[in-house]
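Let me begin by presenting the structure, written as C-alpha cells, before commenting on it.
What follows draws every value from the coordinates through simple rules; no lab data is involved. Predicted model only: the values in this text are computed from it and were never measured. Don't worry about glycine lacking a Cβ; one is built from the backbone with ideal geometry, like all the others, and counts go over all protein chains shown.
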Amino acid sequence: MDSIEKARTIAAELHAVAVQKGLDPRKPYNFAKCEILSRDICLEATKPGATQLDGGRAKYIRNDLLIIHERCDTDFENAFLAAHELGHVVLGDDFNPSPSTNVDPARPAEPSPVAEDRVVDYGKRQRREIQMDLFAREFLLPRPVVKRMHLVDGMSASEIAKVFGAPFDVVAQQLFDAILLPVVETPSESPAVDRPLNDKQAAAASHRGVPLLVEAGPGTGKTQTLTSRVHSLLADGIDPREILLLTFSNKAAAEMADRIAEKNKEASAAMWIGTFHAFGLDLIRRFYSELGFEKDPRMIDKTEAVEMLEQQFPKFDLEHYRNVYAPASVIDDILKAVSRAKDEVVCPTRYRELAEAMQLRATASNDDELLIRARRCHEVARVYEAYEKIKKAKHCIDFGDLVSLPVSLLESEPTIANTISETYSHVLVDEYQDVNRSSVRLLKSICPDGANLWAVGDAKQSIYRFRGASSGNMKRFTNEDFRRAQTVRLEQNYRSVPEITDAFSAFGATMAAGTGGDALTAERSVCGSKVALTTVDKVTEQTLAIADSIEQMRQNGHGYRDQAILCTGNEKLATLAGELERLGIPVLFLGSLFERLEIKNLIAFLSLLTDRRAMGLIRVGCQRQTELTLGDVSKVIEHLRDDITEPGEWPAKVDSFHGVSESGKQVLREVATILLGFDQSSSPWTMLATILLDRTQIAADFANASSVSERTGGIAVWQFMNFLRVQPSGKGLPVPRLLKRIRDLIRLKEDRDLSKLPDAASGLDGVRLMTVHGSKGLEFPVVHFPGMNKTSLPLNYKSPKCPPPDGMVEGSGDDSKAAAVAAHSEEQECIFYVALSRARDRLIAYAPTKQAGGKNWPLSPFLDRLGSNLQRNHVAPNERDLGNGNEGTIPIQVSGRISLTTAQIGLFERCPRRFFYTHVVRIGGRREESPYTLMHDAVREICEAIVAERLITLSDSKIRQRLNQAFKASGLVDHGYANELAGMGHKLVKYFLTTRAEGSPIEPPSLAVNLAGDEVKFRPDDGFTMEDGAIVFRQVRTGGIKSSRDDIAAAAALLAATEHARGSRVEFVHLSDQEIRDVEMQKRKLGNRHASLHDALKSIRDGKFPAKPSSRTCPGCPAFFVCGSVPEGTLQKTF
DNA sequence: CTTTTGCGATTTTTT
DNA sequence: ATCGCAAAAG
C-alpha cells in the first residue's frame, strides 16, 4: 500500500472516531476544528495573502502549535484547508516549514498521465501536497461513508454534497474514488526483508570518490544496493539536500523514494529524487529568463505540437514530405525526427548545417540517392526551425526540451553550471544503460569531474535505443565521459531459480550488448522445471494453451496475480486480453481507453450534443437503463437525416418520429432528461459526472459488480473522468474540441499513457498483461511469453520516415544506416533478455507453428540460443469458443436487390462494420473537415465542372477564379494560408487538365456489373476515345496513395467497364501523386475478385459486418465513437 | 524448374 | 506498407 492510501486510511479512521465522539461531519469546519483542538493545536483564519501565510493558503507552524489558513467563502473550503494542515500534523510530515499553496479539494487519487503531470508526477513537494489533499478529503468525506450514502441510501452526488455543504465536484471525485476504484486491501505489511549485502554490493554501496559504474544484471539487488548507499551517505553526515538521484521513469523514482523513506522519511523528502526530465523541468522553471521564457513555460504534448504546426503547414511547401491530404501524419514523422535531434542536443541550426554538409558531399560525389536524403533532412530542418519559433512565441516547451534546454544552458553558462554542481555533492543514476547523449551531457554539466558520481545499469537491458539510448554509453562511462571511473559487477542473482538464471545467462553470452563475461550465479535452489516452450498448431490455440497453463500454475499455488503475460507490442496484448477474458481468465489490462465499450458509452452522451443525427443513440440504446431497439434507433437517425435539425435539438421532435415504437419514444424522452441542461459548451467532466452520479445508475452498477473484468471497466471510467479533468484550453466549444482531441490522441498513439492501470488496481486478482518495456524493473513468479515467432522477435529493422542527417548521432561512424541497423538488432536481443529475466519461478514461452492458412510459421531464432536450457513440447488444447466467430453479425432483412457504388463496396472491403454504419444505418456525419479536405473538395468540384463543360484547357487566371469562388463558398478564404492552399489546389487542377490532353472526351456513362441480381455501379469521372479507338474510363482518386493490392472496387469498375464495352480500359487518376494508373488484372485475379464481390454481397445479406480495427483508420471513421455492439432487434433494409 | 501472384502477419517500445 | 512463404502458372 502506498503512502497516499495509508494517509487516506488514517484519515477515514480519524473521521470515524470523531463521529463516535459525537462530532457532526455535516458541519465540516467545526468537525475539523475539534479534531485539531483536541491535539492542543490552535486554529486561526486570516485574510488571504497575510504575511503569516508566507505566500501560501494555509500553514502549520510547529513551534507555535498553530494552524493558520486564509478565510474562504464557504465553511467547507475553510474546513478543507484546516484538514489539509491537520494531515501534515497527523502524518508526522511537519519537518518542512513551507506553506501549502496548491490546495485542490477535487484532486483525483492519482494524477492523469498527460502532458506535464507525466513529468512532475513524483516531484517531492507535489507528492506531499497531493497526499494532504486526499487526507483532507478523506477526513471530511470518507469513501466508505459517501459510498454507502450513494449505493445503499440511493443518494445522488448532489444530495450528498448538500448534506456536507461541499461542492459537487469534490463529492463526485470522492465518489469516483470510492466506487470505481477497487478497495485497497489492508496489506499483510511485510516490508521487503533486506538481506545483508554481499561483498560486491557492499563495496559498491560504500564506494567514495572517483566515479563508479555498477554493472547490475537482473535480480542482483540493484535497488537495495542503491538505497544502502544513500543510507551510508546519510550516516556519513551528508546533507540529504546534497544528494541527487536520477532515474528514467516516475515509477522507478517513486519506488526509490519509498524505499529510502522506509528508513528515513525526512531524508527521502529532502533529497532530489526524480527523472531526468523532471529535473530538467525544475531547471527550466528556475532559469526561465536565461532561456528566454516567461515564468512557467507550459508543457505541450505531441497532439498539441502537431496542431500548432498543422496551421502553418501550407506555407512550408515541402517537396519531399508532401502529403497535402493528411499533413498530420507527416508532421508526426517530422516531430519524431525533431525529438531524436533533441536526444542528441542538435538544434535547428546545427540540423540544417548537417543537411547542407550532406548536400555538398552529394553534389561532389554525384550521389543522387544521398542528395535526396540530404534534401529531406533539409526540409525537416526547416520545419524544426519554424517549430522552435512557434513554441518560443507561445512560451511552450515539449518533452525533448526538458533535457536539451538545460544542457544548452549549463554548457553555455558556467556560472549556473557551477551553482548546480555545487548544490549536489553526490549524484546517483539508475538504469544507466538508458542514458542518451543529452542525459550524459546533463550529467557532465552537473558533475564535470565525476567526483562522487555513482551509476548503476545493465547493458543487456538496454531497450530504449529508439530514443537514442545506447549501451555504448556504458563503455564510454569509463573510457571517455568520466575518466578515472571504476566499475563493480554484481554477480549474484537472487530473483530467479537456476533454471531461469542459466537460461538467460546462456542467451546473454551470445548477445552483442554487454561484455560477454557477465553470466550470473543463481542464489536460489532449483525448482525442477526448466524454461519451457509450448508450441501449438494455430494462433487461436496459443491463447488456449496459455489459458490452460495459467490454470495449471494456479493449481501449483501461483494465483492469477502472481502471473504475467508479456508481449513485445500493445496490439497483440489487446487481442490476447479479450480472448482470455472470454475464456474466463481474469486479466489486469485496460487497453486503449477510448476503444473500450464503457467509455464509448459515455462518449455517446457527449456526442448526442454535437451530432445532429444523434448517432450516439446506437451506444446509448445498448445500456441497461436506456435500452432501444436497432430498428427504433435506425428510424430516428433516418428522421434526423432528412430534417434540418441543429445538434441537440432532437429531443423536441420525439413526438414526430413516425415509425418509432411507443416504448422507444419513452426511452428517448428519458435520454433527453438525462441530457437536460447540457449543451456543446458544457464541461464534459461536469456533464458526465452528473450523468454518472446524479441521473443514472451507471457508476453504481460498476460498484456492485464483482468480476475482475467489470471492475476493470469501472477503473476505465475512473481513468476517463480523470483524463477529462485535464484538457488543454483552446478555441471552439469544449465538447466538439474534446472529441477531436480524442481522435488526434489515438491517431498519434498518445492514448497509450492512458492505458496504464492506476496503482489502485494492483490489488485485483488477475493475470497481469503488459509489454516487455512495461515490465522492466518488475518481477513475477510466473511469466508467460507468447508469440515467439520469427516474424515478431527479432523484428525487422525499419528505417524512420525522416532519418537523421549523417553525423547527427554521435558515435555512429560514417554509415549511419548500418549503425542504426546494428543498434536495432542489439535492442531486439535485449528485449528478449529482459522478458526472460522477469520470471522468478516459472517461465513459459509460446508459439504457433502454422499460420491461419496452414503454412509453416518458423520459430524465433532466439529460442535456439537458449540451448539445452529450453524444454520444448507441442500441445493440442481442447477446442473452445474464443467468441470471435459471430462477432459483428447483425440480424438484418434485406428486401429487394442490392445496388451499391464501387466506392461503397470498396468501403465494405476496407471495413464491413464501417460500411454498416455508413450505408446501412446511414449515420452520416461525413469525414472531419480540415483546410486540406476543403481544398480537395474545391478541386474535385472544379474537375467535375471541367468534365461537365467539356473543357480541354483552362487558363491559370480562370483556375484561380474558380478556386477563389469555391474557397469563398466553403469559407476557406479566411484561412491564414488560403493563398498557399490555393496554390496547392491550382497544381492539382492543372495536372488534371494535362490528363485530358489526349483522346477525345466522351460523356462518362453510368456503368454497372451484375452480380446474381444485385449490382455494383461504376460512375466514371471522365471518359475518352483514344486515338487507337480504345475507350478509357477514368476515376479521380483524391487519396493519391497507390495501394499495391488491387481492391474489389477496382475489380468492380473493370468488370462494369468490360460489360459495357469489350476492350475498354479503366484508369485511376491520382492528382496528388500526378500519376495515371491503368487498372489491370489477370484473368485469375479478376475471377477471384469477382468471387469476392459475390461474397461481399452475400455477407451484407447475411448481416455479417465484422469490424477491422486499425489505429490508423479508425480515428477518422465517422462511426468511431459508436462502433461496437448494436442494440437488440432486427433491421429492415432496402438499398 | 523458375517466375509470378496471392495471402497472412507484422507494422514496436516512452519521458 | 512490407516481408516471406507456398501454390499456381509458365
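Taking Cα pairs under 8 Å and at least six residues apart, what relative contact order does chain A come out at, in percent?
13 percent
Find, to one decimal place in angstroms, the Kirkwood hydrodynamic radius of chain A, where the mean of 1/r is taken over every pair of different Cα atoms and then inverted.
Here the Kirkwood hydrodynamic radius works out to 33.1 Å.
Contour minus end-to-end for residue A:554 and residue A:979, with contour as 0.36 nm per residue of separation and end-to-end as the Cα-Cα distance?
Contour length minus the Cα-Cα distance gives 146.3 nm.
Given R₀ = 30 Å, what would the calculated FRET efficiency be for residue A:571 paired with residue A:740, taking r from the Cβ atoms and rounding to 0.05?
Efficiency, rounded to the nearest 0.05: 0.80.
Measuring from label point to label point, each 7 Å out along Cα→Cβ, what is the residue A:322 to residue A:360 span in nm?
For the pair residue A:322/residue A:360, the computed spacing is 2.9 nm.
For residue A:1098, give me every one of the lysines with a C-alpha distance below 26 angstrom, ignoring sequence neighbours fewer than eight places off in its own chain.
Cα-Cα hits under 26 Å: A:635, A:1017, A:1083, A:1085, A:1108, A:1133.
Stokes-Einstein at 20 °C, 1.002 mPa s, Kirkwood radius from Cα pairs: D for the stretch A:921-998 in µm² s⁻¹?
163 µm²/s
Could you work out [θ]222 nm for chain A from helices alone, using -39500 (n - 2.57) per DSSP H run of at least four and dividing by all its residues? Round to the nearest 500 deg cm²/dmol.
So the calculated ellipticity at 222 nm is -14500 deg cm²/dmol.
Evaluate the charge dipole of the stretch A:264-340 about its Cα centre and quote only its size in Debye, nearest 20, assuming +1 on the Cβ of each Lys and Arg and -1 on the Cβ of each Asp and Glu.
Rounded to the nearest 20 debye, it is 220 debye.
For residue A:676 and residue A:418, what is the calculated FRET efficiency with R₀ set at 60 Å and r taken between the beta-carbons, to the nearest 0.05?
According to the calculation, E is roughly 0.40.
Would you mind computing, in nm to one decimal, how far apart the modelled labels at residue A:393 and residue A:66 are, each placed 7 Å from Cα along Cα→Cβ?
Spacing of the two 7 Å Cα→Cβ label points: 5.2 nm.
Measuring from label point to label point, each 7 Å out along Cα→Cβ, what is the residue A:1128 to residue A:206 span in nm?
The two pseudo-label positions are separated by 7.5 nm.
Loop only by DSSP, 15 or fewer other Cβ within 10 Å of the Cβ. Give me the GluC sites (Glu not before Pro) in the stretch A:860-952 that pass, ordered by residue number.
Those satisfying the criteria are A:879, A:887, A:928, A:929, A:949.
Residue A:1077 to residue A:266: extension gain in nm, 0.36 nm per residue of separation minus the Cα-Cα distance?
Full extension of this stretch gives 284.8 nm more.
Shape call for the stretch A:1-90 from the C-alpha gyration tensor, a ≥ b ≥ c root eigenvalues: rounded (a/c under 1.5), prolate (a/b greater than b/c) or oblate?
prolate
In the structure shown, do any of A:200/A:530; A:315/A:392; A:665/A:1104 have a Cα-Cα gap over 27 Å, and if so which?
Distance filter (> 27 Å) returns A:200/A:530; A:665/A:1104.
From the gyration tensor of the Cα coordinates in the stretch A:225-342, what semi-axes in whole Å does the equivalent ellipsoid have, largest first, with each one equal to sqrt(5λ)?
Equivalent ellipsoid of the stretch A:225-342: 43, 16, 11 Å, largest first.
Hey, which aspartates and glutamates would be in cross-link range of residue A:460, C-alpha to C-alpha under 12 Å, not counting anything within fewer than 8 residues on its own chain?
Correct list for residue A:460: A:215, A:431, A:434, A:518, A:826, A:827, A:829.
Expected output is a single nm value to one decimal: the length gained when fully extending between residue A:1111 and residue A:582, i.e. 0.36 nm times separation in residues minus the C-alpha distance. What is it?
188.1 nm
Angle check, please: helix A:734-747 long axis (alpha carbons) against the longest principal axis of chain A (alpha carbons), in degrees 0 to 90, nearest 10.
For A:734-747 against chain A, the angle is about 90 degrees.
Take residue A:656, project a point 7 Å from its Cα along the Cβ direction, then tell me which residues of the stretch A:668-682 have their backbone nitrogen under 17 Å from it.
A:669
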